[in-house]
Amino acid sequence: MSIWEYANPKKFMATTAPVLPWVMWGAGVTLVVGLVWGFFFTPDDYRQGSTVKIFYLHVPAAMMAINIWVMMLVTSLVWLIRRHHVSALAAKAAGPIGIVMTLIALFTGAVWGQPIWGTWWVWDPRLTSFLILFLFYLGYMALWTAIEDDDTAADLTSVLCIVGSVFAVLSRYAVNFWNQGLHQGASLSLDAEENVADVFWYPALVCIAGFILLFVGLVILRTHTEIRLRRARALEARMRA
Amino acid sequence: MIALLKRDLALAVRAGGGFGLGLAFFLIVIVLVPFGVGPQSELLSRIAPGILWVAALLAALLSLDRIFALDHEDGSLPLLATSPLPLEAVALVKGVAHWITTGLPLTLAAPALGFLLNLETGAYAFLLITLLIGTPALSMIGTFGAALTVGLRRGGLLLSLLVLPLYIPTLIFGAEAVRRGADGFSAANALVLQGGITLGVFAFLPFATAAALRVNLR
């Protein structure tokens, strides 16, 4: 019994299909609880007023945007090393979710920045890095759609994902060198001395859990779709032959 | 390797078009900028480092799709892949040949175009040095992008979408060094970091390029 057994598409489908509704309902419930708790049952910040509540969407989306790229990197490596198709398809499935998360983070950031910094957009290192991350997602997805052969596309996008990861990290630090910004530092770290107060911290945790569940559910769903799409295409090819 | 390099250079020079086209594009972009932002010399001299770098980067981008496309069309790419030369070395040579035919002329032409934009006197040396250090990285990254898209019929636009984000660190350090040079600060940090990127790119990307080529030749 090893984890690689689930790389068999049939086994993967059979195992994840019954889990999927639970994950989706879990995501729905935690998101509703977290957001309602965050929006209506936490006090306003003494300086930022109620705008601080964008935090409950902004932070989890931003965390997911980065972590989804990391997940794509891992699944790409698994595909290149062990040639498991489910892994490549999961990476493909995660791309559009990642780009939407990046957009949510950028959009909520702009909405939050307008009243607090007095501007929708500044070329701050963190904001800029996210825009760059958005471009990386865009290129990755464009390469997937441009190549017709499935295995070639999986190989090339995996190589791009690995090289892109190195350059994304490079850009992150290069951008730091280029401009010092307005964005605050990390305030949710587990090891930092000064973090957000517990009143804000617990609903934020629930929201983050909700976003993670939502992502897991969507990835499973989209991977199922990709597998079924491939099966349908194989059937079509067999019927024509 | 030397023979392959000579062949690529001869092809680039004799086939015409691509060789001078990048330079002409560089010139035209630089000429267009004052029409766009206005002719005030102080403004132009302030944005000159960035404009020169961005224009050089776009000019280098123009000829990228030719790196492997011609070899792919006439069938010499599979021959190169089966030759005793490792494919990684082929990728490296292709990158170097692209640099000699586009990066080097751009570097040499940049100071002349700097006059058009009223670049600060102190910045010319930095412009030359950063382009000399930075354009090889642009060529090698571009070779990687060209290897990814070599099998595609309409790869050109996709190529720019893939390659331009990868150019960001090189651009940042290059333009920053020139800007610091123009303002009379020390640009050593930016120069060293840019050199590091170039060396790292030449150490690792030939392998990624060769991997992508193997997938496309399968």
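The values are calculated or read from the model by the stated rules, or taken from the named source; none is laboratory data. Bear in mind the structure is a predicted one, so any value in this text is a computation, not a measurement. Every residue, glycine as well, gets a Cβ built from its backbone with ideal geometry; the counts of neighbours run over all protein chains shown.
In segment B:179-192, which residue that is surrounded by fewer than 21 Cβ atoms within 10 Å (Cβ to Cβ) and of a type in the set (A, V, I, L, M) is farthest from A:THR152 (Cα to Cα)? Please lay out each step first, then the result.
Residues of segment B:179-192 surrounded by fewer than 21 Cβ atoms within 10 Å (Cβ to Cβ): B:180, B:183-186, B:188-189, B:192.
From the residues that got through so far, the ones that are of a type in the set (A, V, I, L, M) too are B:188, B:192.
Values: B:ALA188: 43, B:VAL192: 37 Å.
That would be B:ALA188.
Looking at the structure I just gave you, is B:THR130 touching a residue at least 24 places away in the same chain (Cβ under 8 Å), touching a helix residue (DSSP H, G or I) at 6+ places or on another chain (Cβ under 8 Å), at the interface with chain A (Cβ under 10 Å from one of its Cβ atoms) and of a type in the set (S, T, N, Q)? Full working, then the answer.
Details: touching a residue at least 24 places away in the same chain (Cβ under 8 Å): yes; touching a helix residue (DSSP H, G or I) at 6+ places or on another chain (Cβ under 8 Å): yes; at the interface with chain A (Cβ under 10 Å from one of its Cβ atoms): no; of a type in the set (S, T, N, Q): yes.
Answer is no for this residue.
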Test set (1) at pLDDT 90 or above; (2) under 29 Å from A:HIS84 (Cα atoms) - A:THR30 fails condition number: (2)
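State yes or no: is B:LEU152 at the interface with another protein chain (Cβ under 7 Å from one of its Cβ atoms) and in a loop (DSSP other than H, G, I, E, B)? Write out each step before concluding.
Values: at the interface with another protein chain (Cβ under 7 Å from one of its Cβ atoms): yes; in a loop (DSSP other than H, G, I, E, B): yes.
Yes: the conditions hold for B:LEU152.
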Out of segment A:135-160, which residues are more than 7 Å from chain B (Cβ to nearest Cβ) and assigned to a helix (DSSP H, G or I)? A:TYR137, A:TYR140, A:MET141, A:TRP144, A:THR145, A:ASP150, A:ASP151, A:ALA153, A:ALA154, A:THR157, A:SER158
Of the conditions (1) more than 12 Å from chain A (Cβ to nearest Cβ); (2) over 22 Å from B:SER63 (Cα atoms); (3) surrounded by 24 or more Cβ atoms within 10 Å (Cβ to Cβ); (4) of a type outside the set (A, V, I, L, M, F, W, C), B:GLU176 clears all except one; give me its number. (1)
B:VAL90 is checked against (1) among the aliphatic types (A, V, I, L, M); (2) in a helix (DSSP H, G or I); (3) more than 22 Å from B:ALA10 (Cβ to Cβ) and fails just one. What number does that condition carry? (3)
Just to be sure, is B:ALA48 part of a helix (DSSP H, G or I) and surrounded by 18 or more Cβ atoms within 10 Å (Cβ to Cβ)? yes
